[in-house]
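Novice: Sharing a structure, written as structure tokens. Questions coming.
The values are calculated or read from the model by the stated rules, or taken from the named source; none is laboratory data. Please read these numbers as outputs of a predicted model, since none were measured by experiment. Note that each Cβ is placed from the backbone with ideal geometry, even for glycine, and that neighbours are counted across all protein chains shown. Protein only, heavy atoms only, side chains kept; ligands, DNA and RNA dropped before computing areas. Shrake-Rupley method; radii C 1.70, N 1.55, O 1.52, S 1.80 Å.
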Amino acid sequence: MEIVLVVDDEPDIRTVVRSMLTAKGYTVLETGDPQQAIRMATQQAVHLLITDVVMPLMKGTELARRVQEVSPWT
């Protein structure tokens with residue numbers, strides 16, 4: 001089962017994306033906190049990261065780089 005990590009500071013966006021992905025059979029992890037996303041990626045395999053580009057705590061590009069450092073298979 002593929003695991004998708006969705007990171008967005010807007011809960012409504014996360015809800016819509018989660019609904020769409022779970023309907024297609026994906027397992028979805030979600031958070032609005034980039035630091036928590038990094039922790040989640042260290043605790044289990046994440047196959048795909050979907051992230052907002054502009055967030056108050058960390059840019060999406062920085063988050064993607066840091067997730068790949070702890071989870072190279074993402």
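Novice: Taking the range 18-38 only, how many residues are farther than 12 Å from LEU49 by Cα and either among the charged types (D, E, K, R) or touching a His at 6+ places or on another chain (Cβ under 8 Å) (or both)?
Specialist: Result for the range 18-38: 3.
Novice: Just give me the residues in the range 26-63 being open to solvent by 40 Å² or more (accessible area, probe 1.4 Å), of a type in the set (Gly, Ala, Ser) and either modelled with pLDDT of 95 or more or in a helix (DSSP H, G or I) (or both), in sequence order.
Specialist: Those that are open to solvent by 40 Å² or more (accessible area, probe 1.4 Å), of a type in the set (Gly, Ala, Ser) and either modelled with pLDDT of 95 or more or in a helix (DSSP H, G or I) (or both): none in the range 26-63.
Novice: Tally the residues that are more than 18 Å from GLU2 (Cα to Cα) and of a type in the set (Gly, Ala, Ser), restricting the search to the range 29-70.
Specialist: Total satisfying the criteria: 2.
Novice: Would you mind finding the one in GLU2, GLU10 that is surrounded by 12 or more Cβ atoms within 10 Å (Cβ to Cβ) and more than 10 Å from the chain's Cα centre (by Cα)? Explain how you work it out, then say what you get.
Specialist: Working: GLU10 fails: surrounded by 12 or more Cβ atoms within 10 Å (Cβ to Cβ).
Of the residues listed, the single one that is surrounded by 12 or more Cβ atoms within 10 Å (Cβ to Cβ) and more than 10 Å from the chain's Cα centre (by Cα) is GLU2.
Novice: So TRP73 clears everything in (1) in contact (Cβ under 8 Å) with a residue 12 or more places away in the chain; (2) over 12 Å from the mean Cα position of the chain (by Cα); (3) more than 18 Å from ILE3 (Cα to Cα) except one condition, right? Which one?
Specialist: It is condition (3) that TRP73 fails.
Novice: To continue, here is another question. Going through the range 1-25 one residue at a time, which ones are in contact with an Asp or Glu (Cβ under 9 Å, 6 or more places away or on another chain) and farther than 19 Å from LEU63 by Cβ?
Specialist: THR15, GLY25
Novice: For VAL6, are the conditions met, namely being at pLDDT 95 or above and assigned to a strand (DSSP E or B)?
Specialist: Yes: the conditions hold for VAL6.
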